[in-house]
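K.L.:
Got a structure for you, written out below as structure tokens; questions coming shortly.
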Amino acid sequence: MRYRGLLSVIVAMVVLVAACDAKRDEQPDYREPVVVYAPAEFEERLIAWFADSRFAVTMVTGDSASLTDKVINKQDSPRADVLLTSNVLDIWRAGDEGSLRPIERGALEGVPAVLKDPDNAWAAYGHHRLIIAAAQTAGDLRKVDYRDLGGAEMAGKLCLSSSRLPINQMLVAMLVEELGVKPAERLVRGWVHNLARAPYASQDELIEALQRGDCTFGIVSARDDLGPLRVVLTSPTYVAIDGVGISRHAQHPDAGQRLVGWMLSTYRPDELHGSLVSNVGIGGWRAEDARLLAERAGYR
């Protein structure tokens, strides 16, 4: 009887431990803090998103380029475990400088090859199509594409945002890769010749100009609120990405890996299947070519 009683106690203890483990699995694992450097404009969305994770996230926010510089130059305090950027140029730069450690392959299985680094240093965890936005008065949009925007019939109808914005640097870089330097420069010169106004400092200002009727066409991100503007989906497709990578000097690299894996597990860019021509990393690799081309073409 004594042994039966002892056995019952042992079984009860095993059941209790298992129940505690199960309960613990249902709760956030506050023993795994992660320091995330993220663009300030993403803060509200990320706080809500990370609330559903198993991690105690400390977020440091600021300008995407400045945060990337801090990680590259090891001036980040507290040390970043995970770096998020608002564009491919910054996350590519961090990877190119050797400031990111490879993301585990299993976490990258759902991300198409064109939306991640070939060496697994970074990946997109979100994307936004580049589109041509058109005023209601634009007429037939079926024949409007990037090359058409440089044609003589578009004189005085086009507005652009600054060539200094990452979204435009990426687009010009992709055009250089796909068309070659000289054809891409001819195209951009056509855009500049057709401008109704000098390039705007921000995408918001460009969209407002289109809504006012200051111009008929503009190149924008589908992430922005376009209001009554009409949308032209171009072919090939170009996308701006939100990038993620794990800092080479992370204080909590294992937790960083798990957080990134959790983030990427929710990313399913199925609608882009087969529509992207080149890896988005070309935007970073060709960034200097794009900058020089814009300067020669007078695209400010």
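K.L.:
Considering only the other residues whose Cβ falls under 9 Å of the Cβ of residue 65, what net charge follows from Lys and Arg at +1 and Asp and Glu at -1? Don't jump to the answer; show the numbers that get you there.
P.N.:
On the way: positive: 93; negative: 63, 69, 90.
With Lys, Arg at +1 and Asp, Glu at -1, the net is -2.
K.L.:
Additional query: Please give the calculated 222 nm ellipticity per residue for the chain, where each DSSP H segment of at least 4 residues contributes -39500 (n - 2.57) and the sum is spread over every residue; nearest 500 deg cm²/dmol? Mind dumping the intermediate values first?
P.N.:
Numbers: 10 runs with 116 residues, N = 300.
Value at 222 nm, helices only: -12000 deg cm²/dmol.
K.L.:
In degrees from 0 to 90, rounded to the nearest 10, what is the angle of the helix 166-179 Cα long axis to the longest principal axis of the chain?
P.N.:
70
K.L.:
Next question. Compute the signed sum of charges (Lys and Arg +1, Asp and Glu -1) over the other residues within less than 14 Å, Cβ to Cβ, of residue 93.
P.N.:
Values: positive: 70, 248, 286, 291; negative: 63, 69, 90, 96, 97, 117, 288.
Result for the neighbourhood of residue 93: -3.
K.L.:
Next question. Show me, bin by bin at 5 Å from 0, the whole-percent P(r) of segment 54-121 based on Cα pairs.
P.N.:
3, 15, 27, 24, 19, 11, 1
K.L.:
So which lysines pass the test for residue 143, namely a Cα distance under 17 Å, with those fewer than 8 places away in the same chain ruled out?
P.N.:
157
K.L.:
Let me ask another. Find how much the distance from residue 49 to residue 147 grows on full extension, using 0.36 nm per residue of separation minus their present alpha carbon separation; answer in nm with one decimal. Intermediate values should be presented prior to the final figure.
P.N.:
Working: separation 98, 0.36 × 98 = 35.28 nm, distance 3.89 nm.
Residue separation times 0.36 nm, minus the Cα-Cα distance, leaves 31.4 nm.
K.L.:
Treat each spin label as a single point 7 Å out from the Cα along the C-beta direction, and report the residue 198 to residue 113 distance in nm.
P.N.:
4.5
K.L.:
Angle between the Cα long axis of helix 287-297 and the longest principal axis of the chain, 0 to 90 degrees, nearest 10?
P.N.:
Once rounded, the angle reads 20 degrees.
K.L.:
Under the classification rounded if a/c is under 1.5, otherwise prolate if a/b is larger than b/c and oblate if not, where does segment 180-235 fall, given a ≥ b ≥ c as square roots of the Cα gyration tensor eigenvalues? All intermediate terms of the calculation are to be shown ahead of the outcome.
P.N.:
Numbers: a/c = 2.19, a/b = 1.55, b/c = 1.41.
Prolate, because a/c is 1.5 or more and a/b exceeds b/c.
K.L.:
Share of the chain's accessible area from carbon and sulfur, percent, 1.4 Å? Please list the in-between numbers first.
P.N.:
Working: 7780 of 15150 Å².
About 51 percent, which is the carbon plus sulfur part of the accessible surface.
K.L.:
Quick one: grab the alpha carbon gyration tensor of segment 236-294, order the square roots of its eigenvalues as a ≥ b ≥ c, and give me rounded if a/c is under 1.5, else prolate or oblate depending on whether a/b is larger than b/c. Write down the numbers at each step before the final one.
P.N.:
On the way: a/c = 4.15, a/b = 1.42, b/c = 2.93.
Note, shape of segment 236-294 comes out oblate.
K.L.:
At a probe size of 1.4 Å, how large is the accessible area of residue 254, to the nearest 10 Å²?
P.N.:
Residue 254 has an accessible surface of roughly 100 Å² with all protein chains in place.
K.L.:
Can you give me the pair-distance distribution of segment 64-203, C-alpha pairs, 10 Å bins, whole percents?
P.N.:
Taking all Cα pairs of segment 64-203, the binned fractions are 10, 32, 29, 20, 9, 1 percent.
K.L.:
Among (i) 19.0; (ii) 21.2; (iii) 20.3, find the value of Kirkwood radius over Cα pairs in Å that was calculated from the structure presented, and write down its label.
P.N.:
(ii)
K.L.:
Rank 205, 153 by accessible area, highest first, at a 1.4 Å probe radius? Please report the intermediate quantities before stating the final value.
P.N.:
Details: 205 80, 153 115 Å².
Largest accessible area first, the list is 153, 205.
K.L.:
Then there's this: Please label the shape of segment 204-256 as rounded, prolate or oblate, based on the square roots a ≥ b ≥ c of the eigenvalues of the alpha-carbon gyration tensor (a/c under 1.5 means rounded; beyond that, a/b larger than b/c means prolate, else oblate). Kindly include the intermediate steps, with their values, before the conclusion.
P.N.:
Working: a/c = 4.41, a/b = 2.74, b/c = 1.61.
The shape class here is prolate.
K.L.:
Taking the Cα centre of segment 167-273 as origin, work out the dipole magnitude from +1 charges on Lys and Arg Cβ and -1 charges on Asp and Glu Cβ, in debye rounded to 20. Don't jump to the answer; show the numbers that get you there.
P.N.:
On the way: 10 positive and 13 negative charges, 48 e Å.
The dipole of segment 167-273 has a size of about 240 debye.
K.L.:
Just to check I understand the Karplus step: with θ = phi - 60° and J = 6.51 cos²θ - 1.76 cosθ + 1.60, what whole-Hz values come out for segment 259-269, glycine and proline as x?
P.N.:
Along segment 259-269, the couplings run 5, 4, x, 5, 4, 6, 5, 9, 8, 9, x Hz.
K.L.:
Another question, then. Please name which of 277, 260, 297 has its Cα lying farthest along the dipole of segment 259-300 towards the positive end, using unit charges on Cβ (Lys, Arg +1; Asp, Glu -1) and the Cα centre as origin.
P.N.:
297
K.L.:
While we're looking at this one, here's another question. What accessible area per residue comes out for segment 153-300, rounded to a whole number of Å², with a 1.4 Å probe?
P.N.:
Numbers: 6530 Å² over 148 residues.
Value for segment 153-300: 44 Å² per residue.
K.L.:
Let me ask another. Round to the nearest 0.05 the FRET efficiency obtained for residue 271 and residue 40 when R0 = 30 Å and r is the Cβ-Cβ distance.
P.N.:
Details: r = 28 Å, r/R0 = 0.94.
About 0.60, to the nearest 0.05.
K.L.:
Just name one of 121, 136, 88: the one whose Cα is farthest towards the positive end of the charge dipole of segment 67-137 (beta-carbon charges, Lys/Arg +1, Asp/Glu -1).
P.N.:
Going by the Cα projections, it comes out as 136.
K.L.:
Residues with beta-carbon under 12 Å from that of residue 204, excluding residue 204: net charge, scoring Lys, Arg +1 and Asp, Glu -1?
P.N.:
On the way: positive: 223; negative: 41, 205, 208, 224, 225.
It works out to a net charge of -4.
K.L.:
OK, next. For the Cα atoms of the chain, what angle does the longest principal axis make with the long axis of helix 203-212, in degrees from 0 to 90, nearest 10?
P.N.:
Roughly 50 degrees, rounded to the nearest 10.
K.L.:
Can you tell me the accessible area per residue over segment 24-103, all protein chains present, probe 1.4 angstrom, in square angstrom? It would help to have the intermediate numbers written out before the result.
P.N.:
Details: 3940 Å² over 80 residues.
Counting only protein heavy atoms, the per-residue value for segment 24-103 is 49 Å².
The values are calculated or read from the model by the stated rules, or taken from the named source; none is laboratory data. Please read all numbers here as calculations on a predicted model, not as lab measurements. Here Cβ is always computed from backbone atoms with ideal geometry, including for glycine, and neighbour counts include all displayed protein chains. Each accessible area value is taken on the protein alone, full model and side chains, heavy atoms only, with ligands, DNA and RNA left out. Shrake-Rupley method; radii C 1.70, N 1.55, O 1.52, S 1.80 Å.
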